[in-house]
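All remarks here apply to the structure that follows.
The values are calculated or read from the model by the stated rules, or taken from the named source; none is laboratory data. Model, not experiment: these values are computed from the prediction. For neighbour counting, all protein chains shown are included, and Cβ atoms are generated from backbone atoms with ideal geometry for every residue, glycine included.
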Amino acid sequence: MTADLKTFIRRAMARGERIDVGQFRLLNLNAVREQAGENWPSVKKKALVAGTQFLAKRLDEDDAVIPCEEGFLVLFASAPDNPADMLAALSEALMRFFLGSPDTADLSVETEAGRVDASDITQLAATRVATAPETDADARRSRTQPPVEPEVPLPRSRPVTECEEDSVIAQYRPLWDAQKQLLAANACLAKVVIGGRALEGRRAIATRMSRVSQMDLDSCAIDAATAMLLALARKQKRMTLRVAIHASCWANDTHRATLLDTINGLPAPLRKSLLVRIDGLSDQPAKQAAALAELGKHGVGLMAEIPFGERELGAFAQSGVSLFSCASPPPMNANSEGLMDHDARALNQMVKAAAALKAATYLHDVRDLHVLKAAMASGVRFFSGQTVVADRAAPAPGQALSMVDLYRMHKAA
């Protein structure tokens, strides 16, 4: 447990030394506020309280944590060996912690290290504002450099609470890389707002819960993904986004041309960051492979959807597919967990067949950690679903996320 603020100030004043401080500024607060709506005061309070406790457990007992208007201020009783590295590690752990709750999953954390005189701590603490102390060099730069334009936020989907019934919106589903233990990409999914909830568009159509068309879904997802890639490029950032085109839209000349025009609107280097799948042809490999080969001429990455455990992948040998995906099988009954032995063996055969084509494998709709663990043991590399990270209004940034972190997040949920 860390020191209370008064105790820290008294000790610091007695020593009369300069104090190392770390600023943790929470980013995307406006987006979280919009999503929370009327619950924003409660969500913010819970985030600050939980974040303070999270940081306190990772600091020495003589350090102090101050919750601030837009984050946290950490006061170190003893100077860390490498403040920047320590703050980076704490920031990464804090972001993983926030990812575990749908209310705070969109939050990112920015850190900055600084030093202040012991005599300034009282004033700093009294303001309770997470503003990093300005050094003499900072002051000189601020007088000589022109003001920096405010950063333009990334596009994000409308809050569900603001959408009309049957509205189509884009949301993002993070993909976890089990090999590198990090969030590696995001699937951009078109969802339909039904009864105040955002449901996956394909399923809403299949179950006749919505009258939207497959083209409505594909246009929404591809428009959102291309806009996001352009916005990221303006910030000099890159990210892989997965989108899908339904077979019925690909077969329609007008729809296909419209979707390809949007994709081709991206500069060629950015198209490589778009990983495209054809939906509705998982049981027709030759036809799907032909469509993907044609799509690959436009410079995008290619992903094939196949039945669970499929190992006859020869039809895709010349198509340029780099990733084979399949859905996790539903549980056999309410008490079943993990994969049956024959399912695990089938999955391993699928992984070997994909590897023969120099492609990776991806299991989506993962619903419990037992399935995730068994699929990892079978060689699957990428995963998504409610057991990984919840869908969100903006793509999850690439960051480290270990299996231990997933267990902790799952337990906290």
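Within the range 230-287, the set of residues being basic (Lys, Arg), farther than 24 Å from Ala206 by Cα and crowded, with 17+ Cβ neighbours inside 10 Å comprises just one member, Arg271. Only one of the numbered conditions (1) modelled with pLDDT under 95; (2) of a type in the set (A, V, I, L, M); (3) buried (at least 20 other Cβ atoms within 10 Å of the Cβ) is violated by Ala304, and that is (1). Of the residues making up the range 352-381, those that are closer than 14 Å to Ser325 by Cβ and not in a loop (DSSP other than H, G, I, E, B) are Ala353, Ala354, Ala360, Thr361, Tyr362, Leu363, His364, Ala375.
Condition check ((1) under 23 Å from the mean Cα position of the chain (by Cα); (2) part of a loop (DSSP other than H, G, I, E, B)) across all residues:
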site	(1), (2)
Leu259	no, no
Ile263	yes, no
Leu281	no, yes
Gln288	no, no
Ala304	yes, no
Pro307	no, yes
Ala315	no, no
Ser325	yes, no
Pro329	no, yes
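Taking the range 385-407 only, how many residues are more than 18 Å from Ser101 (Cβ to Cβ) and either buried (at least 24 other Cβ atoms within 10 Å of the Cβ) or under 13 Å from the mean Cα position of the chain (by Cα) (or both)? The qualifying residues number 2. Of everything in the range 33-63 that is within 22 Å of Glu112 (Cα to Cα) and β-branched (Val, Ile, Thr), the residue that is surrounded by the fewest Cβ atoms within 10 Å (Cβ to Cβ) is Val49.
Does Leu323 count as closer than 25 Å to Ile205 by Cα, at pLDDT 95 or above and touching a strand residue (DSSP E or B) at 6+ places or on another chain (Cβ under 7 Å)? So Leu323 does not fit the description; no.
Considering the range 64-179, the qualifying helices (runs of 4 or more DSSP H), each wholly inside and each with 2 or more residues that are surrounded by fewer than 20 Cβ atoms within 10 Å (Cβ to Cβ) and either modelled with pLDDT under 55 or in the same structural domain as Tyr362 (by TED's automatic domain parsing) (or both), run over 121-127, 136-144.
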